[in-house]
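So the structure is just underneath, and the comments pick up after that.
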Amino acid sequence: MSSLSRDDVAKLAGLARIEMTESELVELSSQFGMILDAVARVQEMDLSGVKATSHPQPLENIARPDVVLPSLSPEDALSGAPAQEESRFRVPQILGEAE
Amino acid sequence: MIHQSAAQMADALAKGETTSVELTQAHLDRIAAVDGQVKAFLHVDTEGALAQAKDVDARRKSGEKLSPIAGVPLALKDVLAQKGVPTTAGSKILQGWRPPYDSTVVSKLKSAGVVIMGKTNMDEFAMGSSTENSGYGPTFNPWDLTRTPGGSSGGSAAAVSSFEAPLAIGSDTGGSIRQPAALTGIVGVRPTYGAVSRFGLIAYSSSLDQAGPFGRTVLDTALLHEVMAGHDVRDATSINAPVPAVVNAAKSGDVKGMKIGVIKQLQGEGYQKGVQSRFDESLQVLASLGAEIVEVDCPSFEYALAAYYLIAPSECSSNLARFDAMRYGLRTGDVDGASAEAVMSATRDAGFGREVKRRIILGTYALSSGYYDAYYGSAQKIRTLIIQDYAKAFTKADVLVSPTAPTTAYKIGEKVDDPMAMYLGDVATIPVNLAGICGMSLPAGLADEDSLPVGFQIMAPAMQDQRLYQAGAALEAALLSKWGAPILSKAPELKGAK
């Protein structure tokens, strides 16, 4: 039986940038054992020599001719912004004293 | 008028017997009458729909050559961006967002003159199989309002099944078109991966996601398929090839001499009795029409569910990183001195629902160093084996078949606290997504034990989508003559309906 502790879940939630309440952490850690057991079945088969498939199509990189195409105006691009200033996205402090 | 097929509506429009405004208004009236119970729509764009209808009527009057389904109204899954119209993907994190651009699917619908009536409910970011994971409450199955319509495209399926719309668009990452089609007694198709542009389709799992059509008949579904598919330079995984001749195939509907492979692993144990009986009966019907039924073995399918629930969460943990509270969508906790990271974390906590968080955490785990090879790496190898199983099976059969879902529609709330039980409902649909091929679900009748619809799944190789329609149309016609009336005529009348 696999398991993931409350602290393991808290660490993953931090990596995924999701603040979680104590009850969410406990609930997830209690469900994870069962889910991990189920998905761990992928390890039951002998997979030696099998190539990995990341994508269903055998595509090479696709490039288009380097020409200017119409794109969003600054007003449109900013239309959903939670906050803006001087035609730019205004964001909370990224560098500096916080943390 | 609303009980006709989309093909009949299109015909009446072409003959001038009705107008798109009249037809659209009739559906808007139906939505007003019954959607309070079904809750298929998150947003009804009454004004926009009538404006589109008026425009297409004018284009017709001026003699413009229009697409075969011009003027027919449609319901759009809220996962596709439509310029200026609220688009949420069923998530609180996108509440109030109005995209500044159209997805390619929407652009194609608009130029084809299809009238978009509104956005339909879905499991948040398409993660779920019952539409109960929507941030805006569940959708109810028109066959029994205490049950789910399936998911994640449950709103679109319920809209078509309750005659609120003759056509709808969904998206299918692990069965999210085929399973709700099965549970609501309609037709749903997941086209070949890359056949329909993903530009403007809010991403869940990019290597599996594909938008596709819903209709009440195989032909209607084909008519919509033809309009929405095609190469798009804005989607690098879009296939640069002509759209398969799906409409012609739906019109010819013939299985004489066709080899139909029954997948050994996708039936029997775990499948509800009434589901299995309707499936077996449909096989007999196909045999009586001259198809040759063979059994095929796909041993790696047993691991498909496990592989899917590693691959999809892994991709989603990466895709959903874009919801960072910076450029669009929700932002909470932006108080003086709060760091960007704190705002991001608080916003993602407030904006994402339980299932989305569960999958992001699972994906983060599966991709983390030390576990990557054992989980994500192994799942990718299983994916290779599934592709090989299909390739082998398609040397023995032209199409493959199975029940679409192991059970009929279940009660709202029944599986919502048991993620694994919910995931098991996708066992028969997931292999198609992992291999990037195409699949259809069409009604096979009602299960004896609960009188609820059962879906029959047909699968075909990549870019052979016409085979789905050819076999589907033949089965549909034979079952219709057996039943005497379409399956939806057996659904109970909704209260408030005229």
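The values are calculated or read from the model by the stated rules, or taken from the named source; none is laboratory data. If you're wondering where the values come from, they're calculated on a predicted model, not measured in any experiment. So basically every Cβ, Gly included, is an ideal-geometry build from the backbone, and we count neighbours across all protein chains shown.
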Suppose the filter is more than 7 Å from chain B (Cβ to nearest Cβ), surrounded by fewer than 17 Cβ atoms within 10 Å (Cβ to Cβ), of a type outside the set (Asp, Glu) and not in a helix (DSSP H, G or I); does A:SER2 pass it?
yes
How do the strands (runs of 3 or more DSSP E) wholly within segment B:380-498 filter down when requiring 3 or more residues that are touching an Asp or Glu at 6+ places or on another chain (Cβ under 9 Å) and surrounded by 20 or more Cβ atoms within 10 Å (Cβ to Cβ): which remain?
B:438-446
Number of the condition not met by B:GLN52 [criteria: (1) without any contact (Cβ under 8 Å) to a residue 24 or more places away in the chain; (2) crowded, with 19+ Cβ neighbours inside 10 Å]:
(1)
Out of segment A:5-23, which residues are within 7 Å of chain B (Cβ to nearest Cβ) and either surrounded by fewer than 15 Cβ atoms within 10 Å (Cβ to Cβ) or closer than 18 Å to B:PRO313 by Cα (or both)?
A:VAL9, A:LEU12, A:ALA13, A:LEU15, A:ALA16, A:ARG17, A:ILE18
Which of (1) charged (D, E, K, R); (2) loosely packed, with under 10 Cβ neighbours inside 10 Å; (3) over 30 Å from B:THR237 (Cβ atoms) does A:ARG64 not meet, given it meets every other one?
(3)
If B:HIS27 satisfies every condition in (1) surrounded by 21 or more Cβ atoms within 10 Å (Cβ to Cβ); (2) in contact with a helix residue (DSSP H, G or I) (Cβ under 8 Å, 6 or more places away or on another chain) but one, which is the exception?
(2)
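Could you tell me whether any residue of segment B:247-267 is of a type in the set (A, V, I, L, M, F, W, C), farther than 17 Å from B:GLY455 by Cβ and within 20 Å of the chain's Cα centre (by Cα)?
yes
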What strands (runs of 3 or more DSSP E) lie completely within segment B:209-302 and have 2 or more residues being in contact (Cβ under 8 Å) with a residue 40 or more places away in the chain and within 17 Å of B:LEU468 (Cβ to Cβ)?
B:211-215, B:259-263
I'm checking my understanding of the structure. Among residues of segment B:312-348 that are in a helix (DSSP H, G or I) and in contact with a Ser or Thr (Cβ under 7 Å, 6 or more places away or on another chain), which one is surrounded by the fewest Cβ atoms within 10 Å (Cβ to Cβ)?
B:ASN319
Top-ranked residue in segment A:32-43 [being within 7 Å of chain B (Cβ to nearest Cβ) and over 12 Å from B:ILE361 (Cα atoms); ranked as surrounded by the most Cβ atoms within 10 Å (Cβ to Cβ)]
A:VAL42
Positions within segment B:397-456 being of a type in the set (Asp, Glu) and within 14 Å of chain A (Cβ to nearest Cβ), in sequence order:
B:ASP417, B:ASP418, B:ASP426
Report, by residue number, each residue of segment B:103-127 that is out of contact with any strand residue (DSSP E or B) (no Cβ under 9 Å at 6 or more places or on another chain), in a loop (DSSP other than H, G, I, E, B) and within 18 Å of B:ALA203 (Cβ to Cβ).
B:ASP123, B:MET127
Filter result for the condition that a residue is closer than 30 Å to B:VAL343 by Cβ and assigned to a loop (DSSP other than H, G, I, E, B), over A:PRO82, A:PRO65:
A:PRO82
Filtered residues of segment B:330-339 (kept if at pLDDT 95 or above and at the interface with chain A (Cβ under 7 Å from one of its Cβ atoms)):
B:ARG331
For segment B:164-187: of the residues being out of contact with any Leu (no Cβ under 8 Å at 6 or more places or on another chain) and not polar (S, T, N, Q), which is nearest to the other protein chains (Cβ to nearest Cβ)?
B:ASP172
